[in-house]
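Below is one structure, written out as structure tokens, with a few remarks after it.
The values are calculated or read from the model by the stated rules, or taken from the named source; none is laboratory data. The model shown is predicted, which means the values in this text are computed figures rather than measured ones. Here the Cβ is made from the backbone with ideal geometry for all residues, glycine too, and neighbour counts use every protein chain on show.
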Amino acid sequence: MALKTDTMILNMGPQHPSTHGVLRLELEIEGELIRNVTPHIGYLHRCFEKHAEAMTYPQIVPYTDRMDYLASMGNNFGYAIAVEKLLGIKVPERVEYIRVIMAELQRIASHLVALGTNGLDIGAFTPFLYLFRDREKILSLFEMTCGARLLYNYIWVGGLSHDIHPDFPRLTKEFINYFRPTITELNNLLTFNKIFIERTANIGILPVDTAINYGVSGPSLRGSGIAFDLRRDDPYSIYDRFDFDIAVGKGIAGTVGDCWDRYYVRVLEMEQSLRIIEQAIDRIPEGDVQSAIPKRIKPPKGTAYARVENPRGELGYFIISNGGVTPFRVKVRGPSFVNLEVLGELCKGHLVADVIAILGSIDIVLGEVDR
Amino acid sequence: MYQFLYNLTGNVIIAGTITAAVPLTVLLLYALFAIWLERKVSAHMQDRLGPMRTGWHGWLQTIADMIKMIQKEDITASDVDKKLFNIAPVLVFTGSFAAFAAIPFSSRLLGSEVEVGIFYILAISSLVVAGILMAGWSSNNKYSLLGAMRSVAQIISYEIPTALVVLSMVMLSGTLSLDKISQMQTAYFWNWNILGGPAFTWTKLLLFPFMIVGFIIIYISTLAEVNRTPFDIPEAESELVAGYFTEYAGMKWGIFMLAEYANMLAVSAVVATLFFGGYQSPFGYLGNTLGLAWLVPFEQGFWFLAKGIIFVFVQMWLRWTLPRLRVDQLMTVCWKYLIPYALVNLIIIGIITLL
């Protein structure tokens, strides 16, 4: 007699500790083996793109903060570049340098959350809090600059909302000196931990062609071994003036493109961000950060597309202007949304416990997936 | 203790109840302390302070939590199997608590002087498995069921290396009674089994390395038996929400927690008794020096709890340092590494004992 067997549908989320927000995963499992994963999104949809059509250009900036709320500076940055392209204005040097420093600090802060939560999902609670302790210091720098700790509304079209505090360069250098050794500490505590490697190496391998077919970008793409980074391959702002390396996954612990590689690329990227900040912080020229802000933003008819390398990948803004004070259409290409699509491909044949390790390693922010 | 009370009162029930009440009281007080300790240990390891507001360094926090928990509504979901759902926490706690009957807290405080003490402990603590499976099944929740299945597989697997190491200790001591094993390791710490046992012969040197191996194996497998990190897979909160007790609320949930902490002490006590002299002091007794014979059992109680809590502390330390393994890796550790090593260790210790 044949035993009657059936697969079980397990709903993971929207209220689940490890789905990093309100993501619902429909897992089709056989015992603990994953047969299929269907992500269901939309629980955090806030109509950003529709709202943007009714807002004037400067009013949209705070809305961009709320997409990838762990990387608000990067969101502001991309939007500002897109509108500046429409207007055809050039911002002062001082603004460019401060923008780059802020974006790189934001990248470190965002990666700290990504690494911490990835470890947390696998059961390592303590590194998570160590990383949050370090992130706190970056948030304090931001707070000193613009008064906000999470949603900054700092990078405006044509300038910045505030100039940096006179102490900012000194404190940033102090932070760099403090933070370098803590990366080693993290590596000792979590990255090269035997159990952590066992849990992440050879899990959720993302082959190069799959990654490209799905349009994966950011650390998840570089984890598969492709050195593609917009800061170098399509330089925006003043990134072409800095010397930095692009971290790629080399499969040190397992196969190229596994969870561990995606994790380790982020660790290496923090190091490179520190390098960029070090180079930029001493070269900030004098000047006014608000001189280039137009009195009334009314771009001519036309379209503009700007893309930036956000901590999670390629963030693109496509703006259509019909000559009015509000944009006709703002389309966002969110890296989290695109990267999430590959989840089903990665999870097949793994165990339930691996799903959260994989989800943590592609590092999504639901605020951006749903917008 | 039981005999003394029986002679005093002449009543089986009264004597039995009082004998059982003492470990229960100790256990409840210990649980309050251990939960507070866990919070403080984790906090200080993570660059935090932990509870600070309720009492000195938050020592009243657990009591406040317990009062809150008792007041909470006892929620039972509509689709659960009510009978099993209600029995499960009680059964789990009974399993952990009953183990204390055969554990000697001091030379005068031993619930029941069963000759097969360690065997009884291994048997009765398996009752926990039934309780966990009941909880997982009756909750009618997929996460609970997965958690229970993992838990049962894990506990049953890890009982084998535990039993093998226990067996080697039994061969060495020649008795199954934990009280007698403790008595053998009397006087000073170099008589402890971890250092080769009480006999001062050349076998002591020979035994020493294998005792260390045995200790490491039994410590790892008891960690897995009480579901602590890196083996806390059944209740992996990031995967299965809370594992088999996802659906429980209020005091029933509290009983599960209590059972977990009781279990931690139980396995630590067994390890301490087998390898670290149980209630024996490492360097003689103050009571004997001062000529106060009544002081000795209290000192023994102190040493026993101190050793137990040191092992509990190590369990907490590991929990807040390591990530957790995956189900299949957990089984690999058990079947491919611990069991063969424990078996070889058992044979070698057997040969040395025969010499």
Original post:
Name the pairs: first residue in the range B:271-287 and at positive phi, second residue surrounded by fewer than 24 Cβ atoms within 10 Å (Cβ to Cβ) and hydrophobic (A, V, I, L, M, F, W, C), Cβ to Cβ under 6 Å, at least 6 apart or on different chains?
Top reply: B:Gly277/B:Trp192
Original post:
If we keep just the residues of the range B:172-194 that are touching an Asp or Glu at 6+ places or on another chain (Cβ under 9 Å) and not in a loop (DSSP other than H, G, I, E, B), which is surrounded by the most Cβ atoms within 10 Å (Cβ to Cβ)?
Top reply: B:Asp179
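Quick grid of which residues meet (1) at pLDDT below 90; (2) on the phi < 0 side of the Ramachandran plot; (3) among the basic types (Lys, Arg):
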site	(1), (2), (3)
A:Ser140	no, yes, no
A:Gly147	yes, no, no
A:Val157	yes, yes, no
A:Ile176	no, yes, no
A:Leu190	yes, yes, no
A:Thr200	yes, yes, no
A:Ile205	yes, yes, no
Subject >> Any hit, the range A:213-222, residues being in a loop (DSSP other than H, G, I, E, B), more than 14 Å from chain B (Cβ to nearest Cβ) and basic (Lys, Arg) >> reply: no
**OP:** Could you tell me whether the range B:310-321 includes any residue that is within 30 Å of A:Leu129 (Cβ to Cβ), out of contact with any Pro (no Cβ under 7 Å at 6 or more places or on another chain) and not in a helix (DSSP H, G or I)?
**Re:** yes
Original post:
Of everything in the range A:223-269 that's β-branched (Val, Ile, Thr) and assigned to a helix (DSSP H, G or I), which residue is surrounded by the most Cβ atoms within 10 Å (Cβ to Cβ)?
Top reply: A:Val265
Original post:
Can you tell me which residues in the range B:4-46 are over 27 Å from B:Ser268 (Cα atoms) and either within 14 Å of chain A (Cβ to nearest Cβ) or of a type in the set (S, T, N, Q) (or both)?
Top reply: B:Asn7, B:Thr9, B:Asn11
**OP:** Name, by its number, the condition in (1) within 30 Å of A:Arg24 (Cβ to Cβ); (2) within 14 Å of chain A (Cβ to nearest Cβ); (3) part of a helix (DSSP H, G or I) that does not hold for B:Phe256.
**Re:** (2)
Original post:
Which one of B:Trp294, B:Trp335, B:Trp317 is within 14 Å of chain A (Cβ to nearest Cβ), on the phi < 0 side of the Ramachandran plot and surrounded by fewer than 18 Cβ atoms within 10 Å (Cβ to Cβ)?
Top reply: B:Trp317
Original post:
Counting residues that are over 29 Å from B:Met171 (Cβ atoms), among the small types (Gly, Ala, Ser) and not assigned by TED's automatic domain parsing to the domain that holds B:Ile220, which helices (runs of 4 or more DSSP H) fully inside the range B:40-159 reach at least 1?
Top reply: B:61-71
Subject >> Subset of the range B:114-132 that is out of contact with any Leu (no Cβ under 8 Å at 6 or more places or on another chain), surrounded by fewer than 24 Cβ atoms within 10 Å (Cβ to Cβ) and in contact (Cβ under 8 Å) with a residue 24 or more places away in the chain - its residue that is farthest from B:Leu330 (Cα to Cα) >> reply: B:Val114
Subject >> Among the residues listed as A:Glu26, A:Glu53, A:Glu30, the single one being within 14 Å of another protein chain (Cβ to nearest Cβ), farther than 21 Å from A:Gly360 by Cβ, touching a Ser or Thr at 6+ places or on another chain (Cβ under 7 Å) and not basic (Lys, Arg) >> reply: A:Glu30
Original post:
Restricting attention to the range A:8-21, does a residue exist that is under 22 Å from A:Gly119 (Cα atoms), modelled with pLDDT under 85, outside any loop (DSSP other than H, G, I, E, B) and not basic (Lys, Arg)?
Top reply: yes
Original post:
Considering only residues of the range A:6-20 that are under 26 Å from the mean Cα position of the chain (by Cα) and within 8 Å of another protein chain (Cβ to nearest Cβ), which is nearest to A:Gly42 (Cα to Cα)?
Top reply: A:His16
**OP:** Go through the range B:266-305 and give me each residue that's of a type in the set (A, V, I, L, M) and within 26 Å of the chain's Cα centre (by Cα).
**Re:** B:Ala266, B:Val267, B:Ala269, B:Val270, B:Val271, B:Ala272, B:Leu274, B:Val296, B:Leu305
Original post:
Counting only residues that are free of Cβ contacts under 8 Å to residues at least 24 places away in the same chain and under 24 Å from the mean Cα position of the chain (by Cα), how many does the range B:191-207 have?
Top reply: 2
Original post:
Does A:Lys90 meet the test of being at pLDDT 85 or above, basic (Lys, Arg) and outside any loop (DSSP other than H, G, I, E, B)?
Top reply: no
**OP:** Would you check if B:Val165 is closer than 23 Å to B:Trp335 by Cβ and either under 18 Å from the mean Cα position of the chain (by Cα) or within 13 Å of another protein chain (Cβ to nearest Cβ) (or both)?
**Re:** yes
Original post:
Limited to the range B:270-315, what total is found for residues that are in contact with a Lys or Arg (Cβ under 8 Å, 6 or more places away or on another chain) and either among the aliphatic types (A, V, I, L, M) or closer than 30 Å to A:Asp121 by Cβ (or both)?
Top reply: 2
